[in-house]
Structures are given as C-alpha cells and as structure tokens.
Amino acid sequence: MKVSLHSAVMVGWCFAVVSLPFSAIAGPPFRTDDPEPVDYQHWEFYTFTSGTHVNGDTSGVGPAIEFNYGLIPNGMVHIVVPTAFDSPAGGPTLFGLGDVELGFKYRFIEQEKDGSRPSIGAFPLVELPSGDQSRGLGAGYVRAFLPVWVQKDFGDWTTYGGGGYWINQNDTYGDKNYWFMGWLLQRKITEKLTLGGEIFHQTADKVDGVDSTGFNLGGQYDLDEHNHLLFSAGRGFQNASTTNLYSWYLGWQITY
C-alpha cells in the first residue's frame, strides 16, 4: 500500500480503534493484522479516519497519522497519533488527541514461496493514555496487546490472521483483559485493485460487557507505485447494537 506526500493531507478512513468499543488499530484497512513488516530501511505513512456506530453513539479517530519504519531486517517500529472523536446522541461532538499507539512488529519465520511454511510474526502494541478519558477520547490508562499473526500467499490469493491478548484491566472504569482474533482472505483482482474480507471475534472488554463478532469487506487501490487508497466497511452480527452496528475505514498511504 502506498501514496504521495501532498496527497497524504487528504483524509482517509480506517477501521482503527481507540477504546471505543474496539481497541486496536490493525492492518489497514482491516482489524486483522499480518506478520509482514516494512522492508528494512523502508517506510510507510498513512493518514486516515475510522469509526464505529452503536446505539446512541458514534466514535472513532480522524484525522490520524500512522508511521512505520523497517528498523532492522524482519522488524519495524510503529506509531499512530490520532485525533479522536465521540458523538453521543443528543450531545455535542467532542474532538481531541486520542491514545497514542507504539509497537514493534517482528517476523521470526518467513514463508516458503513454493512450499507450505507460512510467515509467522509478533506485533506487540502499547496504548499510551494521551487522550482525555473524561470526554470519551481515550482509555485513561496504559494498555497493551500481545498478538501472533500468520500469513500464506497462493498466487493472487493471500490469507492471514491470528490474534492475541489485551492487557486492559482497570477496576476504576470497569474494564477487563480480553482476547481478540481474526482471519482474512483477499485476492488481487487487477494490477491496481485488491479486495478482501475478514471475520473477527472479541471477548468482553468490560466487567458487564458482552462478546462481539463481526466482519469487514474492503481493499486497496494502487494509484501508482507510492500512492494507495485503502477502504473497508462492515458491521457486527453478535451483540451489534452495543458493539458495532456499522464501522468504516478510509486511508491514504505513501510508501517508500
């Protein structure tokens, strides 16, 4: 995925997530991530927006920026700095800095191109409490996600998925640790267009919360070698009214 610098000012969307009901920015434009880091000494930059609507509230991030850099072979550093928003029914829409995300992705097994071995990697993330929890713009405490991701390519087809554990315990706000898992299948349709879909599941992240399951459909359109448009939309089908009546992602990416 890729984009030009003046174009990056354009807002994109991302099914990213703050603490609202979903909690992590995954592999744009999907919640499910992959084990593939940015190539060594290469970088990618995103600008995006994303959100989720539930009964009585719409929340998300945008504009937001993401930067990834191939720091070592098979390993990249990752940062997301979001502007968060929360728009409750009957109340004012609030904007402000959201929770900053830091991470490091490392691929410790690389797939066999003509064999059965997949790529496998880890992508631990830390969410810093830079957003204002009292205004619905952040969690109010440090959180961490510890996932493992697997990927295999088959010609024009790619499939990847996995999951991990969110360290999210906070008695003050009634939050608790939980699991997230997802799987995706996508296909290169033309030289410029790739389309795919994912299904994901998350256990309850609050003491009085519920599990959620949903899907997204989306893809990537390559405008040129460095500029890429990313998009997805979906909804939940388990406890959707309180977790995900609909959600979206739109992003612009520059790669170098």
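The values are calculated or read from the model by the stated rules, or taken from the named source; none is laboratory data. Nothing here was measured: the structure is a model prediction, and the numbers come from that model. Ideal geometry is used to build each Cβ from the backbone, glycine not excepted, and the neighbour counts take in all protein chains shown.
Counting the residues of the range 134-147 that are touching a strand residue (DSSP E or B) at 6+ places or on another chain (Cβ under 7 Å) and either part of a helix (DSSP H, G or I) or more than 28 Å from PRO63 (Cα to Cα) (or both) gives 1. When the residues of the range 152-199 are filtered to those that are touching a Leu at 6+ places or on another chain (Cβ under 9 Å) and either modelled with pLDDT under 95 or closer than 23 Å to VAL126 by Cα (or both), the one that is surrounded by the most Cβ atoms within 10 Å (Cβ to Cβ) is TYR160. Filtering THR93, THR83, THR52, THR47 for residues that are of a type in the set (Ser, Thr, Tyr) and crowded, with 24+ Cβ neighbours inside 10 Å leaves a single hit, THR52. Determine whether the range 210-217 contains at least one residue that is of a type in the set (D, E, K, R) and assigned to a strand (DSSP E or B). No, that holds for no residue.
Of the residues making up the range 49-80, those that are in contact with a Pro (Cβ under 7 Å, 6 or more places away or on another chain) and assigned to a strand (DSSP E or B) are THR49, THR52, VAL54, ASP57, VAL61, ALA64, GLY70, GLY75, MET76. Just one of the listed residues (LEU102, LEU97, LEU71) is touching a Gly at 6+ places or on another chain (Cβ under 8 Å) and among the aliphatic types (A, V, I, L, M), namely LEU97. Going by the structure shown, is VAL38 over 17 Å from LEU229 (Cα atoms) and either at pLDDT below 95 or among the aliphatic types (A, V, I, L, M) (or both)? Yes: the conditions hold for VAL38.
Filtered by the rule that a residue be among the acidic types (Asp, Glu) and either under 14 Å from the mean Cα position of the chain (by Cα) or within 20 Å of GLY251 (Cβ to Cβ) (or both), the range 66-105 gives GLU66, ASP99, GLU101. Among the residues of the range 202-252, those that are among the polar types (S, T, N, Q), over 14 Å from the mean Cα position of the chain (by Cα) and under 24 Å from ARG187 (Cβ atoms) comprise THR213, GLN220, ASN227. When the residues of the range 200-236 are filtered to those that are buried (at least 22 other Cβ atoms within 10 Å of the Cβ) and among the small types (Gly, Ala, Ser), the one that is nearest to LEU146 (Cα to Cα) is SER212.
Within the range 107-119, being buried (at least 17 other Cβ atoms within 10 Å of the Cβ) and either within 20 Å of TYR178 (Cα to Cα) or not polar (S, T, N, Q) (or both) holds for ARG107, PRO118. Scanning the range 232-256 for residues that are over 30 Å from ASP39 (Cβ atoms) and touching a helix residue (DSSP H, G or I) at 6+ places or on another chain (Cβ under 6 Å) turns up just one, GLY236.
Taking the numbered list (1) under 17 Å from ARG31 (Cβ atoms); (2) at pLDDT below 95 in turn, SER116 passes all entries but (1).
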